[in-house]
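What follows is a single structure, written as structure tokens, with notes after it.
The values are calculated or read from the model by the stated rules, or taken from the named source; none is laboratory data. No experiment lies behind these values; they were computed from the predicted model shown. Heads up, the Cβs are rebuilt from the backbone with ideal geometry, glycines too, and the neighbour counts pull from every protein chain shown.
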Amino acid sequence: MESSIFLDVLASLQKLFVGYIPAAALGSFLGYLIGINTPIYQILKRLFQIPHSIPPIALLPIALVVFGDNSEPATVVIVFFGTLWSMIIHSAIGMQHFRRQRNNFRAAIFHLFHALKVGIWIAWFTVIATEMLIGPKGLGFVIWTAYKAGNANYMIEVVLYIGIIGLLLDQFLDFTGNLLSQMVSESKKPS
């Protein structure tokens, strides 16, 4: 990987994590609070479907108006909001399953990590799509520039980078979730 593509990978990952990590933390917390109370869950699950149904990339024009065509904060904000609603909904569903299964921590861990995986997918998709539209750096910008230059080989190479990074992020969350599930199982075994 040449140095310029490496810098674009870092630029994309920076936007991803700056938007994703706060959304994952806040969304998990709010989802927990909503999920532990069944009446509140029943009311808010329908209400939160409205912002959850808006594709994050549709927020880009609003973010650009707010941030004055500054693409970095605009991208981070739409990654945050795109991830937040998914995290809230999936975390609340996980807490409902946790309670229905008599406080089964493995069920809670499974649903939390499912929420994290859905959130990272939404965030990664949003970062790449935003970079394709407004650049000025990142993997999405690189692939769009390669398209405009007619460089099919480079487009395929960048798509592979995007796919490999997405796979690694997904596998990291799978590994961490499985590790936590095993730790919970080990701690519950009689000695």
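Out of 93, 21, 89, 40, which single residue is at pLDDT below 90, in a helix (DSSP H, G or I) and closer than 30 Å to residue 184 by Cα? So that I can check it myself, show each step before the final result.
Working: 21 fails: at pLDDT below 90; 89 fails: at pLDDT below 90; 40 fails: at pLDDT below 90.
Testing whether each residue is at pLDDT below 90, in a helix (DSSP H, G or I) and closer than 30 Å to residue 184 by Cα leaves just 93.
What number of residues in segment 102-124 are closer than 16 Å to residue 19 by Cβ and free of Cβ contacts under 8 Å to residues at least 40 places away in the same chain?
Here the count works out to 1.
Can you name the residue in segment 59-92 that is among the polar types (S, T, N, Q), in contact (Cβ under 8 Å) with a residue 60 or more places away in the chain and within 30 Å of residue 38 (Cβ to Cβ) and, of all such residues, is surrounded by the fewest Cβ atoms within 10 Å (Cβ to Cβ)? It would help to see each step written out before you state the result.
So in segment 59-92, the residues among the polar types (S, T, N, Q) come out as 70-71, 75, 83, 86, 91.
Imposing the further condition that a residue be in contact (Cβ under 8 Å) with a residue 60 or more places away in the chain reduces the set to 71, 75, 83, 91.
In the following step, the residues that additionally are within 30 Å of residue 38 (Cβ to Cβ) were identified as 83, 91.
Details: 83: 30, 91: 27.
Among residues in segment 59-92 that are among the polar types (S, T, N, Q), in contact (Cβ under 8 Å) with a residue 60 or more places away in the chain and within 30 Å of residue 38 (Cβ to Cβ), the one surrounded by the fewest Cβ atoms within 10 Å (Cβ to Cβ) is 91.
Quick check on this structure: which one of 162, 156 is crowded, with 19+ Cβ neighbours inside 10 Å and assigned to a helix (DSSP H, G or I)?
Values: 156 fails: crowded, with 19+ Cβ neighbours inside 10 Å.
Of the residues listed, the single one that is crowded, with 19+ Cβ neighbours inside 10 Å and assigned to a helix (DSSP H, G or I) is 162.
What residue, of 118, 142, is under 16 Å from the mean Cα position of the chain (by Cα) and part of a helix (DSSP H, G or I)?
On the way: 142 fails: under 16 Å from the mean Cα position of the chain (by Cα).
Exactly one of 118, 142 is under 16 Å from the mean Cα position of the chain (by Cα) and part of a helix (DSSP H, G or I), namely 118.
Can you say whether residue 40 is farther than 22 Å from residue 169 by Cβ, crowded, with 17+ Cβ neighbours inside 10 Å and either in contact with a strand residue (DSSP E or B) (Cβ under 9 Å, 6 or more places away or on another chain) or β-branched (Val, Ile, Thr) (or both), as far as the supplied structure shows?
Working: farther than 22 Å from residue 169 by Cβ: yes; crowded, with 17+ Cβ neighbours inside 10 Å: no; either in contact with a strand residue (DSSP E or B) (Cβ under 9 Å, 6 or more places away or on another chain) or β-branched (Val, Ile, Thr) (or both): yes.
No; evaluated as a whole, the condition is false for this residue.
Return the residue satisfying two criteria in turn: it lies in segment 43-58 and is free of Cβ contacts under 8 Å to residues at least 12 places away in the same chain and either in a helix (DSSP H, G or I) or among the basic types (Lys, Arg) (or both), and of such residues it is surrounded by the most Cβ atoms within 10 Å (Cβ to Cβ).
That would be 43.
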